[in-house]
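This report refers to the structure that appears directly beneath it.
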Amino acid sequence: MQLPPSPALADLIRHYLVIEYASLTGPGTYRFFPDGSPGIVFSFAEPLTGAALPASSFVYGQTSRHSDLAAVGNLGLLIVVFQPWGLYGLTGIPGTETVDLRVGANDFFRTDEIGERLQECSSWSDRIRLLEVLLTQRRKHVLPDLQGIPYVVSRMNAADEPLSIRSLAEASCLTERTLERRFHQLVGMSPKPFSRILRLQKSLKMKRLQPHLSLMDVACKAGYYDQAHYIREFSDLTGLTPGQYLANPGRLAANLLPV
């Protein structure tokens, strides 16, 4: 279930994602792969575990590669899905320092009580309202200059095929070098690898909305050279083939599924 942020935080947060999953087989492994956004994960049932996870509730930076998480039973997750620049906008920490980084939520909010306070809420909506208060307080201490990057990302999202750095720089009245530097600072990677992630997510959305499309159709419409190119890119970013992904009936989110 996706829930929108308040207008006051919409420039930094894409949406909130609520996941409730009852495992019928006990312990499970979940594949998590890049979607172009950093975020915060709060666990309210069995905690997630895995390599480099500092705590069951954690902040994660921009993700460049797939990884596996584990849980011993049912899942109850509230995920804050940031805009690509949202973590920088909230903290002022350069994206290059947070890419593929995971930090405990208590350390991020500088309190040991965040999990307890959220657990005491009677509904997901109440938890989101509390989170918005805490996030609004956090952003008061940061006055980031987003430096035109939201506009550049919107151009990338709207394009039918990948745009060159030159064309993006010209559209935003920047030099290519300045665009690369700002993109690294706010998003955590250069436009080229970020474009790969956006293109994959666009293909997943396309297939979800138009399930009758063949992989060849999806590949062409999403801007890949051919089906073979699509399969290679898909496997590199997710660790799965398109067939394995589409055949999985238990997808919890576009970039999170049991394996």
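Where a number appears in this text, it was derived from the coordinates with a stated rule and is not lab data. Computed from a prediction, not measured in an experiment: that's the story for all the values here. Cβ coordinates were reconstructed from backbone atoms using ideal geometry, including for glycine residues, and neighbour counts include every protein chain displayed.
Any idea what the dipole of the chain comes to, in debye rounded to 20, about its Cα centre with Lys/Arg Cβ at +1 and Asp/Glu Cβ at -1?
Details: 26 positive and 24 negative charges, 100 e Å.
Around 480 debye, computed over the chain.
Student exercise: in the chain, how many lysine pairs 8 or more apart or on different chains have Cα atoms under 18 Å apart?
Numbers: Lys192/Lys202; Lys202/Lys221; Lys205/Lys221; Lys207/Lys221.
Count of close lysine pairs: 4.
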Inset, instruction - Name all residues of region 177-209 having a backbone nitrogen under 20 Å from the label point set 7 Å from the Cα of Tyr225 along its Cα→Cβ direction, giving them as ranges. - result: 192-201, 203
Legend entry - Exposed-loop-free span, longest in the chain, where trypsin sites (Lys or Arg not before Pro) count as exposed if DSSP calls them loop and at most 16 other C-beta atoms lie within 10 Å: 141-250
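Taking the convex hull of the alpha carbon atoms in region 115-199, what volume per residue do you get, in Å³?
Working: hull volume 11.3 nm³, N = 85.
Here the figure is 133 Å³ per residue.
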Inset, instruction - Could you tell me which of Ile114, Leu200, Gly243 has its Cα farthest along the dipole of region 105-259 towards the positive end, charges placed at Cβ (Lys, Arg +1; Asp, Glu -1), taken about the Cα centre? - result: Leu200
Inset, instruction - Any chance you could list P(r) for the chain, counting all Cα-Cα pairs in 5 angstrom bins from zero, rounded to whole %? - result: 1, 6, 13, 17, 18, 17, 14, 9, 4, 1, 0
Inset, instruction - Among Ile231, Ile128, rank each residue by its count of other Cβ atoms within 10 Å, from fewest to most, as a rough exposure measure. - result: Ile231, Ile128
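Within a Cβ distance under 15 Å of Leu246, other residues only, what is the Lys/Arg minus Asp/Glu net charge?
Values: positive: Arg31, Lys205, Lys207, Arg208, Arg251; negative: Asp217.
Charge balance near Leu246 sits at +4.
Would you calculate the volume per residue, in Å³, of the smallest convex hull containing every Cα atom of region 149-243? Mind dumping the intermediate values first?
On the way: hull volume 8.9 nm³, N = 95.
Normalising the Cα hull of region 149-243 by residue number yields 94 Å³.
Let me have the relative contact order for the chain, percent, based on Cα pairs under 8 Å that are six or more residues apart. Mind showing how you got there, number by number?
Values: 443 pairs, mean separation 55.5, N = 259.
After rounding, I find 21 percent.
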Inset, instruction - Give the calculated FRET efficiency between Ala22 and Arg117 to the nearest 0.05, with a Förster radius of 25 Å applied to their Cβ-Cβ distance. - result: 0.45
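Any chance you could run the full-extension gain for Met206 through Met1? It's 0.36 nm times the residue separation minus the Cα-Cα distance, nm to one decimal. The partial results should precede the final answer.
Numbers: separation 205, 0.36 × 205 = 73.80 nm, distance 1.89 nm.
So the extension gain works out to 71.9 nm.
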Inset, instruction - Figure the gain on full extension for Glu176 and Ala70 (residue separation times 0.36 nm, minus the Cα-Cα span) and round it to one decimal in nm. - result: 34.1 nm
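Given a cut-off of under 8 Å on Cα pairs at least six residues apart, what relative contact order in percent is computed for region 137-259?
Details: 80 pairs, mean separation 21.2, N = 123.
It rounds to 17 percent for region 137-259.
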Inset, instruction - Could you work out how far apart the two model spin labels at Leu246 and Val103 are, taking each label as a point 7 Å from the Cα in the direction of the beta carbon, and quote it in nm? - result: 4.0 nm
Inset, instruction - Run the quick spin-label model on Asp160 and Thr29: label points 7 Å from Cα toward the beta carbon, then report their separation in nm to one decimal. - result: 4.1 nm
